[in-house]
Structures are given as structure tokens and as C-alpha cells.
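Report on the structure given below.
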Amino acid sequence: MTELSRGVRLGVDVGQVRVGVSRSDPHGVLATPLVTVAREQNPRPDAVPSDLAEIAALVAEHEAVEVVVGLPVNLAGKHGPAAEHVKAYAQLLADVISPVPVTLTDERMSTVVASRRLAERGVRGKRQRAVVDQAAAVEILQSWLDAQRRRTR
């Protein structure tokens with residue numbers, strides 16, 4: 001088994017309105033919230049949407065070696081319309097940040113878990129909506145990092 005290569009990874013939770021972004025430490029141990037990016041709703045067909053450009057800038061700024069995007073698989077393990085939407089978004093992102101790889105990972109329940117954890121900490125209502133996307137991105141990236149570590153033991 002190979003060890004996880006050193007370097008910062010970004011976690012991405014793609015929503016219709018916002019995209020939550022998290023980052024890992026260079027050792028791939030801990031994911032932390034980074035930012036919530038507003039989705040450009042009507043991008044020009046000949047231009048890179050502002051949200052993808054912003055994520056690409058974060059990849060460069062943090063010298064990310066990989067971007068992990070949460071794929072919303074339904075509870076039965078099937079890919080519905082939301083998963084198809086995220087796959088298309090991930091492909092656009094991959095085109096923009098190439099040669100940095102984009103990896104899809106099962107994000108079942110990440111937003112639910114993130115919302116519950118925030119509520120447990122007393123973060124509710126508007127304050128929760130403002131950070132739930134980042135928290136979901138943390139859940140996505142942390143789960144992926146933990147799975148990578150389990151595979152390399």
C-alpha cells in the first residue's frame with residue numbers, strides 16, 4: 001500500500017447556490033473550513049464561471065495537490081440528478097485546474113452531519129446556513145482523508 005502523498009488537499013461541497021470549500025494540512029490529517037463561494041447563476045458560455053475561477057485561485061494559493069469533490073449518492077447508493085450535476089461541475093473544475101486532479105467521493109449525509117454538529121455547538125438559523133457548506137466540505141474531506149489513511153495501514 002502506498003502512503004498518501006504530502007500536500008494540501010481541498011474539499012468541495014457543491015450546492016446549487018453555494019460551494020463550500022475546506023482544506024487539509026500538508027500531512028493529510030485534519031480538514032478545516034476555508035470559505036463559501038457563491039455560485040455564478042448565469043455564466044457566459046465562453047467564460048469560466050466566477051465560482052470555478054475562485055476555486056482555481058484557492059488551488060493555486062494553497063498549492064493544493066488534489067481537490068476532493070463530494071458526490072451526492074442517494075441512500076440506496078444510486079446516482080440521481082444531483083450526482084449528475086456534481087459530476088459535470090467536477091469535470092469543469094478539472095478542466096480549469098488541470099493538471100491538479102479532481103477526485104469524486106461519496107458524500108452521503110455530509111450536510112446532515114455538518115448541520116447536526118453545528119447545532120450541537122449552538123450554531124443555528126442564519127449563522128448555520130452561512131457556514132454549513134464549509135462544514136459539509138470539511139466532512140467530505142475529513143472522511144476521504146480518514147479512508148485514505150485506513151487504506152495505507
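The values are calculated or read from the model by the stated rules, or taken from the named source; none is laboratory data. Not measured: the values here are computed from a predicted model. Glycine also receives a Cβ, built like all others from the backbone with ideal geometry; neighbour counts cover every protein chain displayed. Calculation scope for accessible area: heavy atoms of the full protein, side chains included, ligands and nucleic acids excluded. Shrake-Rupley method; radii C 1.70, N 1.55, O 1.52, S 1.80 Å.
Is it true that Val12 is farther than 19 Å from Ala94 by Cβ, aliphatic (A, V, I, L, M) and in a strand (DSSP E or B)? When the stated conditions are applied, Val12 does not pass them. Filtering segment 41-52 for residues that are open to solvent by less than 60 Å² (accessible area, probe 1.4 Å), touching a helix residue (DSSP H, G or I) at 6+ places or on another chain (Cβ under 8 Å) and modelled with pLDDT of 95 or more leaves a non-empty set.
To keep it simple, each residue is scored yes or no on (1) crowded, with 16+ Cβ neighbours inside 10 Å; (2) at pLDDT 95 or above; (3) among the hydrophobic types (A, V, I, L, M, F, W, C).
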{"residue": "Arg6", "(1), (2), (3)": "no, no, no"}
{"residue": "Arg9", "(1), (2), (3)": "yes, yes, no"}
{"residue": "Ser22", "(1), (2), (3)": "yes, yes, no"}
{"residue": "Val37", "(1), (2), (3)": "yes, yes, yes"}
{"residue": "Ala56", "(1), (2), (3)": "yes, yes, yes"}
{"residue": "Val65", "(1), (2), (3)": "yes, yes, yes"}
{"residue": "Val69", "(1), (2), (3)": "yes, yes, yes"}
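For segment 1-57, a residue qualifies if it is basic (Lys, Arg) and more than 13 Å from the chain's Cα centre (by Cα), and the qualifying residues are Arg6, Arg39, Arg44.
Listed by position, the strands (runs of 3 or more DSSP E) inside segment 29-126 whose residues that are among the hydroxyl-bearing types (Ser, Thr, Tyr) number at least 1 are 31-38, 102-106.
For (1) open to solvent by less than 90 Å² (accessible area, probe 1.4 Å); (2) of a type outside the set (A, V, I, L, M); (3) modelled with pLDDT under 75; (4) closer than 20 Å to Leu58 by Cα, each residue gets a yes or a no:
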residue	(1), (2), (3), (4)
His85	yes, yes, no, no
Ser98	yes, yes, no, yes
Val112	yes, no, yes, no
Leu118	yes, no, yes, no
Arg121	no, yes, no, no
